[in-house]
Amino acid sequence: MRAHRDGSAGDADYGTIGEGYGRYRQPEPAFEEAIARALGDARTVINVGAGAGSYEPAHLDVIPVEPSASMRAQRPAHLATAIDATAESLPFPDDHVDAAMATFSVHQWADLDAGLGELRRVARGPVVIMTCDPERLDRFWLVDYAPEVIRTEARRYPAIDRIARGLGGDIEVVPLPIPLQCRDGFGEAYFGRPEMLLDPAARRANSAWSFLEPAEAERAVDHLARDLASGAWDARYGELRTRPTFDGSLVLVVAR
């Protein structure tokens, strides 16, 4: 079911919050390399929840699927035009491609099991899903400032075991350490750059913030701003500013 005017299929309205995704959510090379390894020798791949095109392997024949008109409009001209469809009803025959992938999108699907079944149906080979493990989200210091953002994400992201059951086959879960200068501006990407979360556009590129009441979000941001100004944040978390990577919630689930 599509509840939003731009066709966004999940609980977040990307017609409202998605304008800056193409600028703030650039693909992180370390994650691109991990996805390429997981896809193996595939030559054709369906990318479900393709968004503005992050993580689509340039060396493969990619079929992007994206229900949000706002996100489709942000795709660069050199990428394939995205098909307007949802994960739960992919308009392709069985075994249509070598592989299937989804990055930061399974938590948006209205029916997770149906979507996973569709990925498995259309792919002859591996299914690769980049997602966050909800049991590891509270490792991020943001829980001290905006706990409802973390709770919202934990409710939305499906358990890794559930994804594994839905895909079946031989499952590998690969943790993805997050680089300090991560180019993909999801929440934990700013583990050592807290000032970035004072930027309203950076927060809008993280859908969980859109579920907070404005007053609640303002209180969280004010709290963070005060602690940064006073040095309280650095006193507690300053070592993160120079830590090369952060072992947060990000994982690849690979079904072969």
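So, in the range 89-108, of the ones that are more than 18 Å from VAL254 (Cα to Cα) and modelled with pLDDT of 95 or more, which residue ends up surrounded by the most Cβ atoms within 10 Å (Cβ to Cβ)?
Of the range 89-108, the ones more than 18 Å from VAL254 (Cα to Cα) are 89-94, 96, 108.
Still in the list and also modelled with pLDDT of 95 or more: 89-94, 96.
Numbers: SER89: 10, LEU90: 21, PRO91: 11, PHE92: 17, PRO93: 8, ASP94: 9, HIS96: 16.
Residue satisfying both the conditions and the ranking: LEU90.
Looking for whichever is among the small types (Gly, Ala, Ser), over 19 Å from ILE171 (Cβ atoms), part of a loop (DSSP other than H, G, I, E, B) and within 18 Å of the chain's Cα centre (by Cα) here; the options are ALA50, ALA58. Which one fits? Outline the logic, then answer.
Numbers: ALA58 fails: within 18 Å of the chain's Cα centre (by Cα).
Testing whether each residue is among the small types (Gly, Ala, Ser), over 19 Å from ILE171 (Cβ atoms), part of a loop (DSSP other than H, G, I, E, B) and within 18 Å of the chain's Cα centre (by Cα) leaves just ALA50.
Kindly check whether there is at least one residue in the range 240-256 that is surrounded by fewer than 15 Cβ atoms within 10 Å (Cβ to Cβ) and of a type in the set (A, V, I, L, M, F, W, C).
Scanning the range 240-256, I find no residue that is surrounded by fewer than 15 Cβ atoms within 10 Å (Cβ to Cβ) and of a type in the set (A, V, I, L, M, F, W, C), so the answer is no.
Every residue, every condition in (1) in contact with a helix residue (DSSP H, G or I) (Cβ under 7 Å, 6 or more places away or on another chain); (2) crowded, with 24+ Cβ neighbours inside 10 Å, yes or no:
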residue	(1), (2)
GLY49	yes, yes
SER54	no, no
PRO57	yes, no
MET71	yes, yes
ARG75	no, no
LEU79	no, no
ALA82	yes, yes
ALA87	yes, yes
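So which of GLU33, GLU66 is among the acidic types (Asp, Glu), modelled with pLDDT of 90 or more and either in contact with a strand residue (DSSP E or B) (Cβ under 6 Å, 6 or more places away or on another chain) or under 26 Å from ARG121 (Cβ atoms) (or both)?
On the way: GLU33 fails: either in contact with a strand residue (DSSP E or B) (Cβ under 6 Å, 6 or more places away or on another chain) or under 26 Å from ARG121 (Cβ atoms) (or both).
Going through GLU33, GLU66 in turn, just one is among the acidic types (Asp, Glu), modelled with pLDDT of 90 or more and either in contact with a strand residue (DSSP E or B) (Cβ under 6 Å, 6 or more places away or on another chain) or under 26 Å from ARG121 (Cβ atoms) (or both): GLU66.
Which one is surrounded by the fewest Cβ atoms within 10 Å (Cβ to Cβ), of the residues in the range 146-172 that are more than 16 Å from the chain's Cα centre (by Cα) and aliphatic (A, V, I, L, M)?
So, considering only residues that are more than 16 Å from the chain's Cα centre (by Cα) and aliphatic (A, V, I, L, M), the one surrounded by the fewest Cβ atoms within 10 Å (Cβ to Cβ) is ILE171.
Being among the aliphatic types (A, V, I, L, M), touching a strand residue (DSSP E or B) at 6+ places or on another chain (Cβ under 6 Å) and without any contact (Cβ under 8 Å) to a residue 40 or more places away in the chain, is that true of even one residue in the range 83-105? Talk me through it step by step, then tell me what you get.
Step one: filter the range 83-105 for residues among the aliphatic types (A, V, I, L, M), giving 83, 85, 87, 90, 97, 99-102.
Next, only the ones that are touching a strand residue (DSSP E or B) at 6+ places or on another chain (Cβ under 6 Å) stay: 83, 85, 87, 97, 99-102.
Next, only the ones that are without any contact (Cβ under 8 Å) to a residue 40 or more places away in the chain stay: 83, 85.
Checking the range 83-105: at least one residue is among the aliphatic types (A, V, I, L, M), touching a strand residue (DSSP E or B) at 6+ places or on another chain (Cβ under 6 Å) and without any contact (Cβ under 8 Å) to a residue 40 or more places away in the chain.
Answer with yes or no whether VAL251 is touching a Cys at 6+ places or on another chain (Cβ under 8 Å), β-branched (Val, Ile, Thr) and closer than 22 Å to GLN108 by Cα. If you could, list the steps in order and put the result at the bottom.
Values: touching a Cys at 6+ places or on another chain (Cβ under 8 Å): yes; β-branched (Val, Ile, Thr): yes; closer than 22 Å to GLN108 by Cα: yes.
Answer is yes for this residue.
The values are calculated or read from the model by the stated rules, or taken from the named source; none is laboratory data. Since the model is a prediction, treat every value here as computed from it, not as a measurement. Methodologically, a virtual Cβ is constructed for each residue, glycine included, from the backbone with ideal geometry; neighbour enumeration extends over all protein chains shown.
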